[in-house]
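Visitor: Dropping the structure in here first, questions after.
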Amino acid sequence: MVERLDADSLARAVRDLGAWRLETGTGEDALVRVLKFDDFSAAFGFMSRVALAAEKAGHHPDWSNSYNRVTIRLSTHDAGGISARDIALAKAIDAIAG
């Protein structure tokens with residue numbers, strides 16, 4: 001089982017992931033990022049690249065797409081919150097986003 005990050009580790013990670021915000025109070029802490037693109041095609045292309053990285057990592061985001069906007073929510077359900085897997089995927093997503 002993957003372990004949830006302790007408060008200090010989580011605070012450091014969130015600080016290092018500038019574009020991500022910490023979402024709490026929804027029953028399960030999560031990292032959230034909203035990205036905007038020029039159009040639907042660019043947003044969908046980004047999602048396709050993230051899907052390949054997520055599949056390779058064996059860790060999948062909760063996300064939504066509305067035209068040129070992609071909202072990504074990362075949490076490790078088995079851990080009941082944010083784990084190192086979420087941090088790693090957030091960094092991979094940041095690299096894809098450029």
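Visitor: Out of everything in segment 31-55 that is of a type in the set (V, I, T) and in contact with a Lys or Arg (Cβ under 7 Å, 6 or more places away or on another chain), what residue ends up being most open to solvent (accessible area, probe 1.4 Å)?
Guide: V34
Visitor: What number goes with the only condition from (1) crowded, with 18+ Cβ neighbours inside 10 Å; (2) touching a His at 6+ places or on another chain (Cβ under 8 Å) that A88 does not pass?
Guide: (1)
Visitor: Separate question: Name the residues in segment 26-80 that are assigned to a strand (DSSP E or B), out of contact with any Phe, Trp or Tyr (no Cβ under 9 Å at 6 or more places or on another chain), among the hydroxyl-bearing types (S, T, Y) and under 23 Å from R4 (Cα atoms), would you?
Guide: T76
Visitor: Moving on. Please determine, by comparing only the residues of segment 64-85 that are more than 18 Å from L52 (Cβ to Cβ) and basic (K, R), which one is most open to solvent (accessible area, probe 1.4 Å).
Guide: Looking at residues that are more than 18 Å from L52 (Cβ to Cβ) and basic (K, R), I get R69.
Visitor: Between residues in segment 74-91 that are free of Cβ contacts under 8 Å to residues at least 40 places away in the same chain and residues that are part of a helix (DSSP H, G or I), which pairs lie under 8 Å by C-beta distance while being six or more apart or on different chains?
Guide: The qualifying pairs are A88/A57; L89/A53; L89/A54; L89/A57.
Visitor: Something else about it: Can you run down the residue pairs with Cβ atoms below 7 Å, 6 or more apart or on separate chains, where the first is in segment 1-25 and part of a strand (DSSP E or B) and the partner is of a type in the set (A, V, I, L, M)?
Guide: R4/A79; R4/I82; R21/V32; L22/V14; L22/L31; E23/A30; E23/V32
The values are calculated or read from the model by the stated rules, or taken from the named source; none is laboratory data. Given the structure is predicted, the values throughout are model-derived calculations rather than measurements. Note that each Cβ is placed from the backbone with ideal geometry, even for glycine, and that neighbours are counted across all protein chains shown. Note: accessible area is taken over every heavy atom of the protein model, side chains too, but ligands, DNA and RNA are not part of it. Shrake-Rupley method; radii C 1.70, N 1.55, O 1.52, S 1.80 Å.
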